[in-house]
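Enquirer: After the structure tokens below, expect a handful of questions from me.
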């Protein structure tokens, strides 16, 4: 798909049936289109299958590493083929905000 088609789809059409839109947005006046283009080119270069295999390896490593830590409970399907790029876990006697803050401050890992 050409980049201009993706950008047009992201911004939307300029109105329907002769009625102007509520606001006018210009792809050329914002910088997000450069990031979108770079992301699309990255995916095209690497290939979706390659990215998926890499993601599965990372999920497997993370789940295996977390599962051997005492007090950590990992949720969701154990097979990387049956899950998305999210690994959910809790740590006994710790709040979600405590876990997230420590991962961020000590390891530079952002969580949601």
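Laboratory data are not the source of any read-out in this text; all were calculated from the coordinates shown. Predicted model only: the values in this text are computed from it and were never measured. Note that each Cβ is placed from the backbone with ideal geometry, even for glycine, and that neighbours are counted across all protein chains shown.
Enquirer: Can you compute the modelled spin-label distance between residue 110 and residue 52, with each label point 7 Å from Cα toward Cβ, in nm?
Expert: In this crude label model, residue 110 to residue 52 measures out at 2.7 nm.
Enquirer: Quick check on packing: order 50-56, 101-107 by the mean number of other C-beta atoms within 10 Å, highest mean leading.
Expert: Sorting 50-56, 101-107 by mean packing, highest first, produces 50-56, 101-107.
Enquirer: Next up: Give me the compactness ratio for the stretch 39-112, meaning the Cα radius of gyration over 2.2 N^0.38 Å.
Expert: 1.28
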